[in-house]
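Heads up, the thing below is written out as structure tokens.
The values are calculated or read from the model by the stated rules, or taken from the named source; none is laboratory data. Model, not experiment: these values are computed from the prediction. Ideal geometry is used to build each Cβ from the backbone, glycine not excepted, and the neighbour counts take in all protein chains shown. SASA here: full protein model, heavy atoms, side chains in, ligands and nucleic acids out. Shrake-Rupley method; radii C 1.70, N 1.55, O 1.52, S 1.80 Å.
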Amino acid sequence: MASQQDLQELIRLMTIGMRVPMKDALGRVKELQGKNLRSIKQIAEAPLADVTSAIKDAKAARSLHNACKARLKTPAAASTAKRSGSTLENASKRSKQSNTGFGDDPEPVSPQEYEASFTLPVETDENIIADTVLLTNRAPLVLAFAVELLRYTMPEQPPSSRLSLAQAVVSANSRSKAVSIGIEKGPSADEQGWGHGQPRVKVMGREVTVLKRGGYEWKGEEEVEGNHESEGDGGNTTNIASGATMTTASQGAASETSARQISKSWSASQPVTLKKSTFIVRATQITETSQRQPTIQSLFAAIPSLQSASHNAWAYRVRVPTNLFGATTIREESFDDGESGCGDFLLKNMRETNAVNTLVVMTRWYGGIMLGPDRWRIMRNCLKDALAERLRVTGEQATLGGEAVWGLDLEAMRNKSGTAGSASSRSHEAGVVGMPIHRPEAAKAYLFKSFATRVENSDDVPGEESGASTSRATPKRKTAKTLELEKEENIARLLGAIRLLYDSWADYLSTTELDRRAWGWYVAVRPEVESGPSGWGAKGHLKLADILGLRRKAA
């Protein structure tokens, strides 16, 4: 079976090596998978007739077949043919030609495959990062800070949505800055009410208007272990499939099948595993706070293997009377059991879905590998699964509920209408079809393009003192492949620095506070440029060591 890496390499070969537009490449990947051709090796070893029958284009099939064969002969080319800034920029331009750029475009392949095309490189070696200085302007740095921030504040959003939302932040900030320095005049599209009625989210302290992606679901790299049957009214047990080799965590989860009669009052999510950590969430009904302890004890008695889990966090919300003219209030409580922040996270999601008179237990078998913000996405998905039959949704709250979204391009929406100031031309009953969004392909290409230049000589960096031995010789001209590789290294080091910064604070700050501080961190390290119109779009030096210096100091 082809791995995620095989899929990424195949997409990279098509979009960069063969210069196929991203949308067309994803469509061909889906067609090839229908013929069980899922990797470069499988395509190279398959008869040309099989490739042609999948793609339905003899010329394109022959080109792909030859390209795959060539890649097998020179596998080292993969390391220098990674997504470069220039090729990504061209891919983005071609994508705009073959894609309308609106949110109603159908996804050509499965969400998992689509999101794989937006994987960003990350370098976490502090020594390499600390010695790196980049030449860039401010707007793409906002994009980088926002993309990484969303891994922590909105982990349920897929990579394509994070890029889209981050680009929306850049667009809104750039428009505001342009007005403040006199380059542009008049109210923004947002201020004029474009996109009115659509949900809004806050990223780096700035609210952006979003478009829900209509049932789009993304599960990341985690695996669902076998078929799941509810532990609810049918009295069935949970069936956790076991393979020839299983991790200790998976074995702990699989042993639950030995419980013949699990309490009928509990519903359970499917067991989900990522990097050897397994998660399960269970939910049941309680009507009094005093029922919490005996209810959990009965669950542990029915499923003894829970006692061996690394964490059994819980949370409940119960409606209780206030003795004031029959009024009631919601009483809630949670417990992390060593999984930092889990109890509050469970309560937050229960509030979003308005789940009341409900107790949930999140069980995790830790696999020895830190998951970072990915664990929040898995917990959310498991919780939604467990609550599916128990939620009591009132419909009074207009929350996103973890749905994937696009960042709406309100300025493009206004320009598309043809009349920027006519209120009669705006629809305050916002629809879906024809609403322009910030495309993730363009955002990704912008990142690689903007951080292409690395400052190698300390003499070129203001405030840096160089040694007497510093060479003044004319630098050797770099090849195109070297420049492309350097672009990827640059963005990997930048994103790695920002990730290390967020990682140091994530367990100590709420997502709201992390979002609030992110803008201040950006301001502290952004390149120095002239104020006013003369500094618009100007470039300056970005020292990645300064980003590392913002990390939380160990107590």
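General observations
- For the stretch 120-215, alpha-carbon Rg and Dmax in angstrom: 15.8, 48
- Spin-label proximity, Ala554 to the stretch 515-547 - amide N less than 20 Å from point 7 Å beyond Cα toward beta carbon: 545-547
- Entries of Lys481/Lys543; Lys202/Lys487; Lys212/Lys416; Lys35/Lys73 with Cα pairs more than 28 Å apart: Lys202/Lys487
- Model label points for Ala49 and Glu217, set 7 angstrom from Cα along the Cα-to-Cβ axis, are 4.0 nm apart.
- Ordered by 1.4 Å accessible area with all protein chains kept, Arg292, Arg282 run largest first as Arg292, Arg282.
- Take Ile16: with every protein chain present and a 1.4 Å probe, its accessible area is about 20 Å².
- Peptide packing for 274-281, 157-164, 182-189 was compared via the average number of neighbouring C-beta atoms within 10 Å per residue; ordered from the highest value, the list is 157-164, 274-281, 182-189.
- For the set Trp519, Trp536, the ranking by accessible area, highest first and with no ligand, DNA or RNA atoms included, is Trp536, Trp519 under a 1.4 Å probe.
- With a cut-off of 13 Å between beta carbons, the residues surrounding Leu509 carry a summed charge of -1, where Lys and Arg count +1 and Asp and Glu -1.
- Subset of Lys444/Lys478; Lys69/Lys449; Lys449/Lys539; Lys23/Lys56 violating a 19 Å alpha-carbon distance limit: Lys444/Lys478; Lys69/Lys449
- Cα-Cα pairs of the stretch 492-555 separated by more than 17 Å (percent): 48
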